[in-house]
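Heads up: the structure comes next, in structure tokens.
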Amino acid sequence: MRSGLMPAGVELYSFAPDGEVTLTDRAGARKLGPDAEFLRFIDDGQFARYFIGDAKTSPERPSNATYKLGIVAPHSAFTPHAHGGEHFVLSLGHAECALYDASVNRAVTLRLGPGEMLRIPELMPHSFANRAGRPLQILTANTGFGIDHDDYAITAEDARARGDEALAEGLGRLGAAPGGTTWRERTATLLRRMAMRLETR
């Protein structure tokens, strides 16, 4: 469909395997970039664009949840943190998530591929990472809190300031650099790029 025929208010997002995001609406098609359309996402160099809710969402200013597009820089990981509400992350690339399981006092790392979604309970220490050499697109939903709220991303430093040594200790057990991608994953990415060229108009 030509952009001029799209109904007003309708937006089409295209997620390329190389990390580029294209937005098409009635005004035309444009690539989204961190310079204008995104907000800082927990750490410098990480970015988010809100679809539902906003950075100021909170129990006092509710929108029930926030839903946003995140762009994770190549070969990088977020500072270990925990959220005040539960958290869903859909990976559109090659990611991993380090999680601290307090019930067994152990950190585990889950490797995620494109199309896999992770649910993380509230206050579980974790750190999401990009294993690839290109930007990683993620779709994230958080119940109750936007980025500006103090309970959105509680770091070990924040937990200590609150007197929560157990949470601070769990967060301190996460911090390894992200792993890399396998030759199978790199080949699959190449095939997805080829498929996208064949499928898109």
Please go through (1) without any contact (Cβ under 8 Å) to a residue 40 or more places away in the chain; (2) crowded, with 22+ Cβ neighbours inside 10 Å for residue 110 and return the number of the only condition it doesn't satisfy. (2)
Where residues in segment 79-96 are under 12 Å from the mean Cα position of the chain (by Cα) and outside any loop (DSSP other than H, G, I, E, B), which of them is nearest to residue 187 (Cα to Cα)? 95
Over segment 97-139, the set of residues in a strand (DSSP E or B) and farther than 21 Å from residue 154 by Cβ is 111, 112, 116, 117, 130, 136, 137, 139
Residue list for segment 160-201, filter: among the charged types (D, E, K, R) and in contact with a helix residue (DSSP H, G or I) (Cβ under 6 Å, 6 or more places away or on another chain): 160
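Here is a list: 38, 88. Which entry is of a type in the set (Phe, Trp, Tyr) and crowded, with 17+ Cβ neighbours inside 10 Å? Lay out the reasoning, then the answer.
Working: 88 fails: crowded, with 17+ Cβ neighbours inside 10 Å.
Result of the check over 38, 88: 38.
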Check residue 131 against each of (1) surrounded by fewer than 20 Cβ atoms within 10 Å (Cβ to Cβ); (2) at pLDDT 90 or above; (3) of a type in the set (D, E, K, R) and name the one condition it does not meet. (1)
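Just to verify a result, which residue in segment 49-85, among those that are of a type in the set (Gly, Ala, Ser) and within 11 Å of residue 145 (Cβ to Cβ), is surrounded by the most Cβ atoms within 10 Å (Cβ to Cβ)?
Across segment 49-85, the extreme among qualifying residues is 53.
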Assuming residue 103 fulfils every condition listed in (1) touching a strand residue (DSSP E or B) at 6+ places or on another chain (Cβ under 9 Å); (2) surrounded by fewer than 20 Cβ atoms within 10 Å (Cβ to Cβ); (3) more than 26 Å from residue 57 (Cα to Cα); (4) among the small types (Gly, Ala, Ser) apart from one, which condition is it? (1)
Yes or no: residue 110 of a type outside the set (D, E, K, R) and at positive phi? no
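Inside segment 64-107, can you point out the residues that are farther than 27 Å from residue 22 by Cβ, among the hydrophobic types (A, V, I, L, M, F, W, C) and in contact (Cβ under 8 Å) with a residue 24 or more places away in the chain?
Keep residues of segment 64-107 that are farther than 27 Å from residue 22 by Cβ, which gives 64, 79-86, 98-107.
Subsequent filtering for residues that are among the hydrophobic types (A, V, I, L, M, F, W, C) retains 82, 98-99, 102, 104, 107.
Once the filter is applied, which keeps residues that are farther than 27 Å from residue 22 by Cβ, among the hydrophobic types (A, V, I, L, M, F, W, C) and in contact (Cβ under 8 Å) with a residue 24 or more places away in the chain, segment 64-107 yields 82, 98, 99, 102, 107.
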List pairs: first in segment 186-201 and closer than 11 Å to residue 16 by Cβ, second polar (S, T, N, Q), Cβ under 8 Å, 6+ apart or cross-chain? 189/181; 200/14
Restricting the search to segment 129-166, which residues are in contact with a strand residue (DSSP E or B) (Cβ under 9 Å, 6 or more places away or on another chain) and within 19 Å of residue 189 (Cβ to Cβ)? 129, 130, 131, 132, 135, 136, 137, 138, 139
For residue 193, which of the numbered conditions (1) out of contact with any Asp or Glu (no Cβ under 8 Å at 6 or more places or on another chain); (2) farther than 19 Å from residue 121 by Cβ; (3) at pLDDT below 90 fails to hold? (1)
With the checklist (1) out of contact with any Pro (no Cβ under 6 Å at 6 or more places or on another chain); (2) surrounded by 17 or more Cβ atoms within 10 Å (Cβ to Cβ); (3) part of a strand (DSSP E or B) in hand, flag the one item residue 178 doesn't pass. (3)
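Confirm whether residue 100 is among the hydroxyl-bearing types (Ser, Thr, Tyr) and at pLDDT 90 or above.
yes
The values are calculated or read from the model by the stated rules, or taken from the named source; none is laboratory data. Fair warning: this is a prediction, and the values are worked out from it, not measured in the lab. So basically every Cβ, Gly included, is an ideal-geometry build from the backbone, and we count neighbours across all protein chains shown.
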